[in-house]
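Nothing in this text is a laboratory measurement; each read-out follows from the coordinates by a stated rule. Please read all numbers here as calculations on a predicted model, not as lab measurements. With ideal geometry, Cβ positions are generated from the backbone for all residues, glycine too; neighbour counts draw on all protein chains shown.
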Amino acid sequence: MTNDIMEIADRVIAKTYKRFPVVIAKGKGCTLWDTQGKSYIDFVAGIAVCNLGHAHAAVADALANQANTLFHVSNLYYTIPQVELALWLTENSFADRVFFCNSGAEANEAAIKLARKYFKEKGENDRYGIVSMEKSFHGRTMATLSATGQDKIKKGFEPVLEGFEHIPFNDIEALNKTIGPHTCAVLIEPIQGEGGVRCPDTEYLKAVRELCNETESLLIFDEIQTGIGRTGKLFAYEHFGIEPDIMTLAKALGNGLPIGVMLAKEHVADAFGPGSHASTFGGTPVVTAAAMEVVNTLFEESVLDHCLDIGTYFKERLIWLKERHETIQDVRGLGLLLGMKLTINGEPIVNSCMERGFLINCIQDNILRFVPPLIIEKKEIDALIACLDELLGQM
Ligand SMILES: *Cc1c(COP(=O)(O)O)cnc(C)c1O
């Protein structure tokens, strides 16, 4: 059965993903099981998505209850779950208004469109430049891949859209030289995820905020990976003592259900009026009811505090590994967005971990990324560290 599934998949599904040769059948908490009954401790969480773990009972109940009440009516009408989630998001962030969509790329697409529209409304028609960072990742649509600072993501899809400039991350002089009266927005991940779990210096984002203020450009934080508790705060910007004008969310908000959100300050959000942007599925009752349960659970079960504590412990254990193995070049990250840069290719380690029942992820060829559910426990981390210690010892 398992081989049949993989054979059919490889025949009929687009070849955009290279998959591991397993069929995952079910999950609970931080554990997954494949169709052969083998279990795995999950340090990937669907790529920083399932922050509350798999098959979370309260989220599943919220989803089922709403599914039995109302699935969808379009945004031509008001619905209760969407309004509740929007209110919660505005009460718990810098933002005054939200736009619901279905993915990270769509949220960034909305942010880029809003930033451009904001200056068009002010009569500044030539002010459409977006400055983003090298090694950034913002999505796969034409606008978001144009914003993305990685050539491999754009290759074959040229010409990319006009008006996107890329500068090195964590380099305030580079931004100072590039930002100007043609810049409508600076688009930046507070911590780069796909680009290699790269954290900025403490003062960098503050300086970015100041340069945006001086030039009256908008600051957009892509918190699609860092948001919803991943770094131990609800939003990563809270670590840095500044606020953006626009922010995007997706990944963890639905704990696996597709949802994206673009959030903005009132004077910026004002640039979108009826008809200027839209999404059929955006903020549908089923998805927003589940997302509401996700954010309530984060607070009710003190998940953020746990994430900070256990993230600190995890990072200490990774640093302990670094002291024992020369193949580890760097350990970095915040909360449970952690990376370990190797001097060797990470793929064999990922494969060996999988054989031993641990799912981990490798980005940029040699950076192991650890983004487990935020409810991960010490004993699960200890088990992975022992596994990595043994594997690295054999390298
Ligand atoms: C995953 C991700 C995206 C893209 O989200 P999709 O839902 O895959 O479109 C954009 N930005 C960041 C920072 C991400 O991590």
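Tallying residues that are exposed (fewer than 15 other Cβ atoms within 10 Å of the Cβ) and in a strand (DSSP E or B) within segment 30-58 yields 1.
Among the residues of segment 31-75 satisfying the criterion of being among the β-branched types (Val, Ile, Thr) and under 20 Å from residue 6 (Cβ atoms), which is nearest to the ligand (Cβ to nearest atom)? Here the answer is 44.
Return yes when residue 346 is out of contact with any Lys or Arg (no Cβ under 6 Å at 6 or more places or on another chain) and on the phi > 0 side of the Ramachandran plot and no when it is not. If you could, list the steps in order and put the result at the bottom.
On the way: out of contact with any Lys or Arg (no Cβ under 6 Å at 6 or more places or on another chain): yes; on the phi > 0 side of the Ramachandran plot: no.
Here the answer is no, as residue 346 does not meet what is asked.
Given the options 111, 174, 147, name the one that is crowded, with 23+ Cβ neighbours inside 10 Å, farther than 14 Å from residue 194 by Cβ and of a type outside the set (D, E, K, R). Spell out how you get there, then give the answer.
Details: 174 fails: crowded, with 23+ Cβ neighbours inside 10 Å; 147 fails: farther than 14 Å from residue 194 by Cβ.
Every option except 111 fails the conditions.
Within segment 83-109, residues that are under 15 Å from residue 282 (Cα atoms) reach partners that are among the charged types (D, E, K, R) and more than 14 Å from the ligand (Cβ to nearest atom) with beta carbons closer than 7 Å, at six or more positions or on different chains, in the pairs 97/266.
Here is the figure for segment 295-354: residues that are within 30 Å of residue 82 (Cα to Cα) and not small (Gly, Ala, Ser) total 15. Hey, could you check segment 316-355 for residues that are free of Cβ contacts under 8 Å to residues at least 60 places away in the same chain, within 22 Å of residue 46 (Cβ to Cβ) and buried (at least 16 other Cβ atoms within 10 Å of the Cβ) and say which is nearest to the chain's Cα centre (by Cα)? This residue is 340. When the residues of segment 81-108 are narrowed to those that are more than 16 Å from the ligand (Cβ to nearest atom) and acidic (Asp, Glu), which ends up surrounded by the fewest Cβ atoms within 10 Å (Cβ to Cβ)? Taking the candidates together, the pick is 91.
Mind telling me which of the residues 294, 331 ends up being of a type in the set (Val, Ile, Thr) and assigned to a helix (DSSP H, G or I)? The conditions single out 294. Kindly indicate whether residue 133 is over 21 Å from residue 192 (Cβ atoms), within 16 Å of the ligand (Cβ to nearest atom) and not β-branched (Val, Ile, Thr). No; evaluated as a whole, the condition is false for this residue. Among the criteria (1) β-branched (Val, Ile, Thr); (2) over 30 Å from residue 89 (Cβ atoms); (3) in contact with an Asp or Glu (Cβ under 9 Å, 6 or more places away or on another chain), the one residue 350 does not fulfil is (3). Across segment 54-65, a minimum of one residue is classified as in contact with an Asp or Glu (Cβ under 8 Å, 6 or more places away or on another chain), closer than 19 Å to residue 23 by Cβ and not aliphatic (A, V, I, L, M).
Residues that are buried (at least 24 other Cβ atoms within 10 Å of the Cβ), touching a strand residue (DSSP E or B) at 6+ places or on another chain (Cβ under 7 Å) and among the aliphatic types (A, V, I, L, M) do occur in segment 293-303. Residue count for segment 206-232, restricted to those that are surrounded by fewer than 24 Cβ atoms within 10 Å (Cβ to Cβ) and either assigned to a helix (DSSP H, G or I) or within 16 Å of the ligand (Cβ to nearest atom) (or both): 10.
Considering every residue within segment 249-263, establish whether at least one is over 23 Å from residue 277 (Cβ atoms) and more than 16 Å from the ligand (Cβ to nearest atom).
As a first pass, look at segment 249-263 and keep what is over 23 Å from residue 277 (Cβ atoms): 252, 255-256.
Now restrict to residues that are more than 16 Å from the ligand (Cβ to nearest atom): none.
So far as segment 249-263 goes, no, none of its residues is over 23 Å from residue 277 (Cβ atoms) and more than 16 Å from the ligand (Cβ to nearest atom).
Residue 375: surrounded by 20 or more Cβ atoms within 10 Å (Cβ to Cβ) and over 16 Å from residue 197 (Cβ atoms), yes or no? In short, yes.
Do you know which residues across segment 236-266 are surrounded by 24 or more Cβ atoms within 10 Å (Cβ to Cβ), of a type in the set (A, V, I, L, M, F, W, C), assigned to a loop (DSSP other than H, G, I, E, B) and in contact with a Phe, Trp or Tyr (Cβ under 9 Å, 6 or more places away or on another chain)? Within segment 236-266, 259 is the sole residue that qualifies.
Condition first: in contact with a Phe, Trp or Tyr (Cβ under 8 Å, 6 or more places away or on another chain) and charged (D, E, K, R). Now tell me which residues in segment 5-41 satisfy that. Selection gives 26, 34.
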